[in-house]
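To start, the structure under review is shown below, and the notes come after it.
The values are calculated or read from the model by the stated rules, or taken from the named source; none is laboratory data. In this text the structure is predicted, and so the values were computed from the model without any measurement. In this analysis, Cβ positions are derived from the backbone assuming ideal geometry, glycine residues included, and neighbour counts consider all displayed protein chains. Note: accessible area is taken over every heavy atom of the protein model, side chains too, but ligands, DNA and RNA are not part of it. Shrake-Rupley method; radii C 1.70, N 1.55, O 1.52, S 1.80 Å.
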Amino acid sequence: MTSHPFDQAIALNATGEHTFAGATSPAYANMVGPYGGITAATALNAVLQHPALLGEPVSLTVNFCAAVADGPFEVQAVAARTNRSTQHWTVAITQGGETVVTATALTAVRRDTWAAVEHTMPHVPAPEAVALPTAQGRVEWLNRYEMRFIEGGFPGVWDERDQGHSRTLQWVRDQPARPLDFASLTAMADVFSPRIWHRRAKFVPLGTVSITVYFHASQALLSANGDAHVLGQAQGQAFGQGFFDHSAQIWNQSGVLLATSHQVVYFKE
């Protein structure tokens, strides 16, 4: 563990063959409990710390069964099946004997193959050419990221007018700056504010129910990024009947797609 707030927030202590102890961090506090991205990163960290780990993360799905309360929690990570080059994991986070988060992960030993990317990086100005927001984040976790909005920042006026789309394009990195790795990339995949707020300019109550992150980069590629900004893009796809979803992409500054994600969010009228 380092002194960086992110590493402190996802820190886990092994308490058994498959179990770890952790605690929420005030540095990543959300409106209720911790920021979902830090919880997802913690679930992945249990897999990354497990002595039986094979390969590197390919995908992670996290289901938020209940609000995570501030305070201690336990994490169980089990390799459900290990094949020659792939490994399937189940993860659960519990508090007070009750399950609050479930997750599954796929890790693998990757091989060199033919490769192509169809979702290419948009043409955007460099991070240094995009101004920082002038206001501090409403909740503490927002202050843990340096976000430079190219398009689709928070609504200037919450007037409940339909904006026509919910797209956001932004540069982002940890604050203070921190070298990129799988855990921090997982958290960044959830850094986008709820798409319904952008589409409707209305502050409705909500919460992420499930998020899946697909990793397209190796640890070597993430390490080469260092603490440089990455470009994130997110847009909602469908809203209605109490739920909406959005898809997101994250590229490095060279235009290499590092991760994609998809999540579904509950909202209340």
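Hey, how many Å between the Cα centroid of segment 222-239 and the Cα centroid of segment 67-97?
The two parts, judged by their Cα centres, are 25 Å apart.
Could you tell me the accessible area of K268 in Å² (1.4 Å probe, neighbours in place), rounded to the nearest ten?
110
Is any residue of segment 221-258 close enough, with backbone N under 18 Å, to a label point placed 7 angstrom from the Cα of H123 along the Cα-Cβ axis, and if so, which?
253-256
Let me have the 222 nm mean residue ellipticity of the chain computed from DSSP H runs of 4+ only, each contributing -39500 (n - 2.57), with the sum over all residues rounded to the nearest 500. Please report the intermediate quantities before stating the final value.
Numbers: 5 runs with 39 residues, N = 269.
Using -39500 (n - 2.57) per qualifying helix, the result is -4000 deg cm²/dmol.
Provide the per residue accessible area, probe 1.4 Å, for the chain, rounded to a whole number of square angstrom.
Numbers: 12920 Å² over 269 residues.
Counting only protein heavy atoms, the per-residue value for the chain is 48 Å².
Along the principal axes of its C-alpha atoms, what lengths does segment 1-159 span, in descending order and rounded to whole Å?
49, 47, 33
What Kirkwood Rh does the chain have if only Cα atoms enter the pairwise 1/r average? Answer in Å. Could you put the intermediate results ahead of the total?
Numbers: mean 1/r = 0.0525 Å⁻¹.
Averaging 1/r across every pair of different Cα atoms and inverting gives 19.0 Å.
Springs between alpha-carbon pairs under 10 angstrom, Gaussian network model over the chain: which of N252, N45, N83 fluctuates most?
Largest GNM mean-square fluctuation: N83.
In the full protein assembly as shown, how much of M31 is accessible to a 1.4 Å probe, in Å² to the nearest 10?
Here the residue's solvent-accessible area equals roughly 110 Å².
Give the accessible area for I10 in Å² (nearest 10); use a 1.4 Å probe, count only protein heavy atoms, and leave out ligands, DNA and RNA.
Looks like 10 Å² after rounding.
Build a GNM of the chain with springs between Cα atoms under 10 Å: which of T61, T94, T208 gets the top mean-square fluctuation?
Among T61, T94, T208, the largest GNM mean-square fluctuation belongs to T94.
Need one word for segment 98-154: rounded, prolate or oblate. Basis is the Cα gyration tensor (sqrt eigenvalues a ≥ b ≥ c); a/c below 1.5 gives rounded, then a/b vs b/c decides. Numbers along the way, then the final one.
Working: a/c = 3.20, a/b = 1.23, b/c = 2.61.
Judged from the Cα gyration tensor, segment 98-154 comes out oblate (a/c at least 1.5, b/c at or above a/b).
By how many nm would the segment from T2 to A228 lengthen if fully extended, with 0.36 nm per residue of separation less the alpha-carbon distance? If you can, show how the numbers build up before the last one.
Details: separation 226, 0.36 × 226 = 81.36 nm, distance 1.88 nm.
Taking T2 through A228 to full extension adds about 79.5 nm, to one decimal.
Percentage of Cα-Cα pair distances in segment 134-269 greater than 18 Å, rounded to whole percent? Show your work: numbers first, answer last.
Working: 5015 of 9180 pairs.
Summing the P(r) of segment 134-269 above 18 Å gives 55 percent of all pairs.
Hey, with R₀ at 25 Å, roughly what FRET efficiency would A14 and N83 work out to, going by the Cβ-Cβ distance, to 0.05?
Numbers: r = 25 Å, r/R0 = 0.99.
Efficiency for this residue pair is about 0.50.
Among E146, E17, E56, determine the one that fluctuates most according to a GNM of the chain built with springs between C-alpha atoms less than 10 Å apart.
The residue with the greatest mean-square fluctuation here is E17.
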